Amino acid sequence: MKLLFENLQTFMTAGAGAWDIPAIEPTKMVLACEWIGFNYANQYASRSAGEGVHFFLDDDQFQRVWNRPDKYAPILKRYKCVCSPDFSMYTDMPRALQIYNHYRKHWCAAYWQELGLTVIPTISWSDKNSFAWCFDGEPRESVVAIGTTGTQQSAKTRAAFLDGYYEMQTRLSPTQILVYGAIPTEIDGDNIIKIGDYSAAHFKKGAR
């Protein structure tokens, strides 16, 4: 039977963990490239060969990749690589919605890989309770991307960020870590690469 909801009519794949999260294949190395936010992807697609696309933006800037996947996948395919979409998992969101957003991130990423895109897994978490499922479907020994925006304003949010960061290191052993936003002093290593900053992107002339 063909399921006609939640994009299952477009793509289905085997899932990982208790919530059947679509699994993402690892990406072993990212060559040097310029990074742009998805909100520029259509505008810059004509010169996309040396660029990567990230989704460290407000969710309403990229909900459309889930709502209309067949429209935006061909645009993203023009780029050297894309991060999986960073749908929000705030600690005060209902747990069911956090898991749904994790699922949507992985559905998009697995679908894009099926179409031949080079996908960088975006790793995200909320609190320690999320560790039971937030790494489901993520590949080991891959390049990964993380965002630090909104995580460094207080001792509590910094501690929660670092808890997840260290858990990610233990579970996934990433080969490279692309960081969007300020890099905390506790994070170091030759495999850390900064790829952008939220404030700079939003004050860029012509941002939309």
When each of LYS80/LYS105; LYS71/LYS194; LYS28/LYS77; LYS156/LYS194; LYS77/LYS194; LYS105/LYS156 is checked by Cα-Cα distance, pairs over 21 Å | LYS71/LYS194; LYS156/LYS194; LYS77/LYS194; LYS105/LYS156
Starting from the Cα of THR10, step 7 Å toward the Cβ, then list every residue of region 64-85 with an amide N under 14 Å from that point.
-> 64-77, 85
Given a cut-off of under 8 Å on Cα pairs at least six residues apart, what relative contact order in percent is computed for the chain?
-> 21 percent
How much length, in nm to one decimal, is gained on full extension between ALA32 and THR170, taken as 0.36 nm per residue of separation minus their Cα-Cα distance?
-> 47.1 nm
Taking R0 as 41 Å and r as the Cβ-Cβ distance between ILE192 and LEU115, the FRET efficiency 1/(1 + (r/R0)^6), rounded to the nearest 0.05, comes to 0.90
Average accessible area per residue (Å²) across region 57-208 - probe 1.4 Å, nucleic acids and ligands excluded | 46 Å²
Mind giving me the FRET efficiency for ALA96 and ASP127? R0 is 22 Å, r the Cβ-Cβ distance, nearest 0.05 is fine.
-> 0.90
Neighbourhood charge, 14 Å Cβ-Cβ cut-off, centred on TRP19 and excluding it, Lys, Arg +1 and Asp, Glu -1 = -1
Hull-based mean projected area of region 101-170, where the convex hull spans the alpha carbons, in square nanometres = 4.9 nm²
Nonlocal amide H pairs with ILE21, under 5 Å, H built at 1.01 Å = ALA16
Where the only charges are on Cβ atoms (+1 Lys, Arg; -1 Asp, Glu), what is the dipole of the chain about its Cα centre, to the nearest 20 debye?
-> 640 debye
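The values are calculated or read from the model by the stated rules, or taken from the named source; none is laboratory data. This one's a predicted model, so the numbers in the text were calculated from it and none came from an experiment. FYI the Cβ positions are ideal-geometry reconstructions off the backbone, even for glycines, and counts take in every protein chain you see. For accessibility, only protein heavy atoms count, side chains too; no ligands or nucleic acids. Shrake-Rupley method; radii C 1.70, N 1.55, O 1.52, S 1.80 Å.
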